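Q: Take a look at the following structure, please.
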Amino acid sequence: MDKCLLLCLLLFSAYSHVSAHYYPSKNTLVSSVTKNAILPIFTFTLNTNEEYFIHIAGPYLVRSCNDGLPRPIIPCGSSTCALTRRVSPHQCPPTQNTIINGRCACQATAFEPFQRLCSSNQYTYGDFSMSSLNPRSPSLTLNNVKYLCIPKPFLIDFPPGVLGLAGLAPTALAAWNQLTPPRLGLEKKFALCLPSDTNKGAIFFGGGPYKLGNTDARSMLTYTQLIKNPRRLNNYFLGLKGISVNGEKILLAQNAFDFDGKGDGGVTLSSVTPFTTLRSDIYKVFTKAFSKATSDIPRVNSTTPLEFCFKSTGRFQVPRIDLKFADGKIWKVVTANSMTKVSDDVACLAFLNGGDAAAHAVVIGMHQMENTLLEFDVGRSAFGFSCSLGLVNASCGDFQTKP
């Protein structure tokens, strides 16, 4: 039996006897997560029926507001306004404040990653509510949550019902930080499980337990360190040191995953990038090793933008891909996350060539994160990841999202 599968089964079974009734009541905020059928995004719910798309590199909460109503002013000289400048998207020009009723009102800028548009508008605050796992308080309202108020044209291509963007970057104004106030006894962390199909996933704010049946799925997490990049404050970075295919480490330059002097490079995660993207020098060596390891599987014509496609029949399996971190921890990428089905009998390698001038050495995309529990423990600068839940006959839809 594969060691990855054995470890997951042992952890899963070791805790499966614990009844959910023994979990302490916490105010952990929770929502189901939906995979959108129109855009490559995942959404969750705030304010009972407002859908926000998950952007783990977004610096703050962005809400569509085109009603013309006046909103509270955050002064230009406030510490909050200064924070917006520190994390303003690097793709956008500097933000200019505005005057509202004779007062200098803070403005902030958002970057919409699909149309690649920048838009500035009033930075304000209001009340937001979210479901809780505490049966005594199944819904909690948080006051004075700061958000960027953007007119609808900025979100014109968003699917119906998607009202805004929930930025979950490692910044003070991000949604996760504002939704985990100390007065509620919540930890400075969030966890998500992105569904691989039309089933629901889950997102948690403030710590566990993450109830997967009668199991606390925290027992399944392996932790590695989050790396800081002072030139890219809105991204989470991981200390990747090597990639293996079928147990063999591919030969790359010693500094292949390092930052350069401008802050480019490094290994980050993205919830708006469909497939993991590798800089050309890494991609070429990686795909050469993968091609060699799959030489006995019939190849078929490529499907743009996916280059390596195979005939997939029966119980289709390819060699495992391992991402090894500096602390020795290994993220094991199994077939369900390394390959994507493009037809009933064709599957393609779900990794893309980012080109020679890619901003990052590796961007771990949505497909590789699907059906896996991921915890961003920002307070401890730690990143937790489980094995693929399919290995234990579970899915993201099995998480408890109601008290």
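Derivation of every value follows stated rules applied to the coordinates shown; laboratory data play no part. What you see is a predicted model; the values in this text were computed from it and never measured. Cβ: placed from backbone, ideal geometry, glycine included. Neighbour counts: every protein chain shown.
Q: Run the reach check for residue 332 against aspartates and glutamates, Cα to Cα strictly under 18 Å, same-chain hits fewer than 8 apart removed. What comes back?
A: 2, 248, 322, 370, 375
Q: Label residue 344 and residue 260 with points 7 Å out from Cα along Cα→Cβ: what is the distance between them in nm?
A: Roughly 4.8 nm, to one decimal.
Q: Using packing as a proxy for protection, rank 340-350, 188-198 so that the peptide with the highest average count of other Cβ atoms within 10 Å comes first.
A: On the way: 340-350: 17.3, 188-198: 21.1.
Put in order of decreasing packing, that is 188-198, 340-350.
Q: Based on the Cβ-Cβ distance of residue 393 and residue 327, what FRET efficiency does E = 1/(1 + (r/R0)^6) give at R0 = 41 Å, to the nearest 0.05? Walk me through the numbers before you get to the answer.
A: On the way: r = 30 Å, r/R0 = 0.72.
It comes out at approximately 0.90.
Q: In whole Å, how far is the Cα centre of the stretch 110-181 from that of the stretch 298-367?
A: Distance between centres, Cα-based: 32 Å.
Q: Between residue 241 and residues 5 or more places away or on another chain, which pairs have amide H atoms under 5 Å apart, with H built 1.01 Å from N, and which residues are they?
A: Amide H neighbours of residue 241, under 5 Å, 5+ apart: 324, 325, 326.
Q: Among the listed pairs 188/341; 211/341; 249/284, which are separated by more than 25 Å between their Cα atoms?
A: Result: 188/341; 211/341 exceed 25 Å.
Q: Which part of the stretch 300-318 falls in the paramagnetic zone of residue 280, meaning amide N under 11 Å from the point 7 Å along Cα-to-beta-carbon?
A: None, by backbone N distance to the label point.
Q: If the only charges are +1 at each Lys and Arg Cβ and -1 at each Asp and Glu Cβ, what is the size of the charge dipole of the stretch 242-348 around the Cα centre, to the nearest 20 debye?
A: Details: 14 positive and 11 negative charges, 49 e Å.
Dipole size: approximately 240 debye.
Q: Rounded to the nearest 500, what is the chain's calculated 222 nm mean residue ellipticity when only DSSP H runs of at least 4 contribute -39500 (n - 2.57) each, over all residues? Don't jump to the answer; show the numbers that get you there.
A: Working: 6 runs with 47 residues, N = 403.
Calculated from helices alone, the mean residue ellipticity at 222 nm is -3000 deg cm²/dmol.
Q: With r defined as the distance between the Cβ atoms of residue 129 and residue 225 and R0 fixed at 41 Å, what FRET efficiency is calculated, to the nearest 0.05? Let's see the in-between values first.
A: On the way: r = 34 Å, r/R0 = 0.83.
With a Förster radius of 41 Å, E is 0.75.
Q: Provide the gained length on full extension for the span residue 152 to residue 197, in nm with one decimal, where the gain is 0.36 nm per separating residue minus the Cα-Cα distance. If you can, show how the numbers build up before the last one.
A: Details: separation 45, 0.36 × 45 = 16.20 nm, distance 2.85 nm.
Result for the pair: 13.3 nm of gain on full extension.
Q: Farthest toward the dipole's positive end in the chain, which of 357, 64, 176, given Cβ charges of +1 (Lys, Arg) and -1 (Asp, Glu) about the Cα centre?
A: Sorting the options by dipole projection puts first 176.
Q: If the only charges are +1 at each Lys and Arg Cβ and -1 at each Asp and Glu Cβ, what is the size of the charge dipole of the chain around the Cα centre, to the nearest 20 debye? If you can, show how the numbers build up before the last one.
A: Working: 38 positive and 26 negative charges, 141 e Å.
Dipole of the chain, to the nearest 20 debye: 680 debye.
Q: State, to one decimal in nm, how far the label point of residue 291 lies from the label point of residue 103, with both points 7 Å from Cα in the Cβ direction.
A: Spacing of the two 7 Å Cα→Cβ label points: 6.3 nm.
Q: Using only the Cα atoms of the stretch 322-403, build the gyration tensor, take square roots of its eigenvalues as a ≥ b ≥ c, and label the shape rounded, prolate or oblate: rounded if a/c is under 1.5, else prolate if a/b is larger than b/c, else oblate.
A: Values: a/c = 1.90, a/b = 1.08, b/c = 1.76.
Oblate.
Q: Would you please put 122-130, 63-71 in order of how densely packed they are, using the mean number of other Cβ atoms within 10 angstrom per residue and starting with the highest? Each step should come with its number before you reach the end.
A: Numbers: 122-130: 19.0, 63-71: 13.3.
Top of the packing list down: 122-130, 63-71.
Q: Count the net charge of all other residues whose Cβ sits under 11 Å from the Cβ of residue 225, scoring Lys and Arg as +1 and Asp and Glu as -1. It would help to have the intermediate numbers written out before the result.
A: Working: positive: 228, 329, 380; negative: 327, 377.
Surrounding charge for residue 225 is +1.
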